[in-house]
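The block underneath contains the structure these notes are about, expressed in structure tokens.
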Amino acid sequence: MRVSVCENQKIPCSDKQRKELKAFEDAHCSTSNKNRIFDWRHNEVWTRNYVGVIQVPGLSLEILPKIDKSKAEAGDQARSLAQHNLLYMLSFTRKLPFEERDLASLKLQKLPLLEVLIRLFANRLLEELRRGVDHAYVHREENLPRIKGKILMNRHVLMNAAHRERFYVGFDEFLDNTPLNRILKATSRRLISVSTDNETQRLLMETTAIFDEVCDIFPDAHHFDRIHLHRNNERFQTLLDFCRIVWQEQSPNPSAGDSRTFSLLFPMEKLFEEFIARFIYRHADDFGFRRKDICIQSEGCSKYLLQEKKSRSPKFKLQPDILIKNGSQARLLLDTKWKCLKSDEADIKNGVSSADMYQMYAYATRYDCNNVILLYPDTGEVTPKSYCLMGDEDKRISVVVINLNRDLKKERKEMLTNLSKLLGIIP
């Protein structure tokens, strides 16, 4: 059974499916309520702020971003747009192994999100393998009837005292049985068991056939740690990142041989933050910024709110999502919040939390910045607000919204214009 829902929405499912979802969450999430995937309300289960796919016995769950309440539940067309935008954001932030151009090569509306993700991986992997399979020199030791490489004298004397026709040797062989290929093969085999689309399965089986001489493994953290990319295989970087997600990061790490559950999940607030940051960085020239003046997560520009009185050691690190400098001066500070604000009629402050405003106040004062912005997704019910600090009217904190309820790929220019106005680039 396939179910498609949005964030913070009730999941229509049977009692048995609810139990499977509960078992999945208990097995793969910490006990901290903050990291839970679902909300449990009496006999109902609701999604939270994760987007992506979850597969448990009897249920394939697709969770899409929820922007506009009136349109998010409007039907197939709105869900298709939400799926397309999610894939675009994932490709734009380089979380998945495909480029923006790859999205046009698939008839996305005919495939579930899970199948789209797997198909894109299979297509990209085959494309890279046709350019050349990763090879490396692997050290081997064998007892051979001929000399190959170097005779390992101690082992040779021990093993061949009665076999003068044999030589115990060590040699390097140029093989495709590399740590990278083992992970790529294991991921392909894993995804074959997850996919239900014949064409996708065929593509994945083609990749595993190419890896016929590669050892089978069940990837764990140490397998990824052993991989060292270089100029000859760095083109596999995004594919490797995808494999890491499948086996280690947002998705669960299943028991060996267990193909009943699977997930690819992304926290939407983090995805939104990275999408806006990368969009501004990529279009820096259009905004009139220099890329070297853009600090994402205040990299290299961190400040602290307080220091201990005796030791003078700094405490409470401040990390705005985006800091744009003008020389040594902070020109603009931007923080993104993935939250649907309340309408003007429902709340004069639109549901902006006091904690968020205190955080912006700390940014404005510690970075001595006159332009601090809180950016939310637009729900069509909020009027932008502008505040100034008590006693310092030059320092402004703005609450603004950006329209994401459109085709983000096709309407990139409109997105650029919209964001420019919000940042105060266009009067």
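The values are calculated or read from the model by the stated rules, or taken from the named source; none is laboratory data. Please read all numbers here as calculations on a predicted model, not as lab measurements. Don't worry about glycine lacking a Cβ; one is built from the backbone with ideal geometry, like all the others, and counts go over all protein chains shown.
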*Specify which of the listed residues (42, 28) is at pLDDT below 85 and surrounded by 13 or more Cβ atoms within 10 Å (Cβ to Cβ).*
28
*Please give the number of the condition residue 172 fails out of (1) acidic (Asp, Glu); (2) under 28 Å from residue 90 (Cβ atoms); (3) part of a strand (DSSP E or B).*
(2)
*What tally of residues in the range 1-45 results from selecting those that are in a helix (DSSP H, G or I) and either of a type in the set (Ser, Thr, Tyr) or over 18 Å from residue 269 (Cβ atoms) (or both)?*
14
_In the range 83-111, the residues that are assigned to a loop (DSSP other than H, G, I, E, B), modelled with pLDDT of 65 or more and not aliphatic (A, V, I, L, M)_ = 93, 94, 95, 97, 98, 99
*Among residues belonging to the range 265-305 that are of a type in the set (Phe, Trp, Tyr) and over 24 Å from residue 90 (Cβ atoms), point out the one that is surrounded by the fewest Cβ atoms within 10 Å (Cβ to Cβ).*
304
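Quick grid of which residues meet (1) at pLDDT 90 or above; (2) on the phi < 0 side of the Ramachandran plot; (3) hydrophobic (A, V, I, L, M, F, W, C):
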{"position": "327", "(1), (2), (3)": "no, no, no"}
{"position": "359", "(1), (2), (3)": "yes, yes, no"}
{"position": "366", "(1), (2), (3)": "yes, yes, no"}
{"position": "382", "(1), (2), (3)": "no, yes, yes"}
{"position": "396", "(1), (2), (3)": "yes, yes, no"}
_Residues located in the range 396-414, provided they are out of contact with any Lys or Arg (no Cβ under 8 Å at 6 or more places or on another chain) and surrounded by fewer than 19 Cβ atoms within 10 Å (Cβ to Cβ)_ = 396, 402, 403, 406, 407, 409, 410, 411, 412, 413
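Scanning the range 46-82 for residues that are in a loop (DSSP other than H, G, I, E, B) and modelled with pLDDT under 75, which turns out surrounded by the fewest Cβ atoms within 10 Å (Cβ to Cβ)?
The extreme case among them is 75.
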*Of residues in the range 294-318 being polar (S, T, N, Q) and in a loop (DSSP other than H, G, I, E, B), the one farthest from residue 387 (Cα to Cα)*: 311
*The one condition in (1) modelled with pLDDT of 90 or more; (2) of a type outside the set (Lys, Arg); (3) within 28 Å of the chain's Cα centre (by Cα) that residue 370 fails to fulfil*: (3)
*Could you tell me whether any residue of the range 210-222 is within 41 Å of the chain's Cα centre (by Cα), more than 25 Å from residue 238 (Cβ to Cβ) and either surrounded by 12 or more Cβ atoms within 10 Å (Cβ to Cβ) or not small (Gly, Ala, Ser) (or both)?*
no
*residue 312 being touching a strand residue (DSSP E or B) at 6+ places or on another chain (Cβ under 6 Å) and either modelled with pLDDT under 90 or among the basic types (Lys, Arg) (or both)*: no
*asked:* For the range 117-170, give me the residue count where each residue is surrounded by 16 or more Cβ atoms within 10 Å (Cβ to Cβ), under 43 Å from the mean Cα position of the chain (by Cα) and without any contact (Cβ under 8 Å) to a residue 40 or more places away in the chain.
replied: 1
*Can you name every residue in the range 352-378 that is of a type in the set (Gly, Ala, Ser) and over 23 Å from residue 421 (Cα atoms)?*
353, 354, 355, 362
